[in-house]
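The values are calculated or read from the model by the stated rules, or taken from the named source; none is laboratory data. As the structure is a prediction and not an experimental result, all values here were calculated from the model. So basically every Cβ, Gly included, is an ideal-geometry build from the backbone, and we count neighbours across all protein chains shown. Note: areas computed on protein heavy atoms with side chains; ligands, DNA, RNA excluded. Shrake-Rupley method; radii C 1.70, N 1.55, O 1.52, S 1.80 Å.
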Amino acid sequence: MGVSGSGKSTIAEQLAARLGWRYVDGDLFHPLANVAKMSAGHPLTDEDRWPWLRAISAEIDRLAAAGIRAVVACSALKRAYRDILVHGRDDVRIVFLDGTQDLIAKRLAARKGHFMPPGLLDSQFKTLEPPQPGERPVTVSIDASVDGIVDDIVRQLELVAP
């Protein structure tokens, strides 16, 4: 989890590859209206997000029921959003990709072909509620290489890559 430009997709994809797990991009669960709204430079409201979060939660439940381990990239900026995704499960962990607004703005400025315009970064940081200890988060700094960030996540989760 993290704001747009924090590296969610890149890190989640690399983490999943390292662990031999499935990678799921939460952005694929957005209704077309959400993508159009963000593409037009308008931040999503909670009402826009609820169906998207419920769809991701249902996918997490489906994968778990099938015995499939996965890494899901999803902004999950508020505690209420994460509560929908985790909904009391102890087999789901939140990884928070933590970075400064300045660092992320620089990354967004260099990013091409994504529906989320850099102008929405302020709204992302205003919405962000960093995870609290009761959520059992893994918090990693994004001011490192992709491999370094993935190493940190694996170490904190005490996982062993195959």
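Here are some notes:
- Scan of the range 126-146 for residues that are touching a residue at least 24 places away in the same chain (Cβ under 8 Å) and either among the hydroxyl-bearing types (Ser, Thr, Tyr) or part of a loop (DSSP other than H, G, I, E, B) (or both), ordered by number: Thr127, Leu128, Glu129, Pro130, Pro131, Gln132, Arg136, Pro137, Thr139, Ser141, Ile142, Asp143
- Exclusive hit being open to solvent by less than 40 Å² (accessible area, probe 1.4 Å) and of a type in the set (A, V, I, L, M, F, W, C), set Ala40, Ala33, Ala16, Ala65: Ala16
- Where Lys106 falls short, out of the listed (1) at pLDDT below 95; (2) in contact with a Leu (Cβ under 8 Å, 6 or more places away or on another chain); (3) under 27 Å from Asp151 (Cβ atoms): (2)
- Condition met for Asp46 (at pLDDT below 95 and not polar (S, T, N, Q)): yes
- Qualifying residues in the range 68-111 (those that are under 14 Å from the mean Cα position of the chain (by Cα), more than 19 Å from Leu157 (Cα to Cα) and charged (D, E, K, R)) - the one least open to solvent (accessible area, probe 1.4 Å): Lys78
- Evaluation of Leu28 against (1) open to solvent by 60 Å² or more (accessible area, probe 1.4 Å); (2) out of contact with any Leu (no Cβ under 9 Å at 6 or more places or on another chain); (3) farther than 28 Å from Asp152 by Cβ (one fails), failing number: (3)
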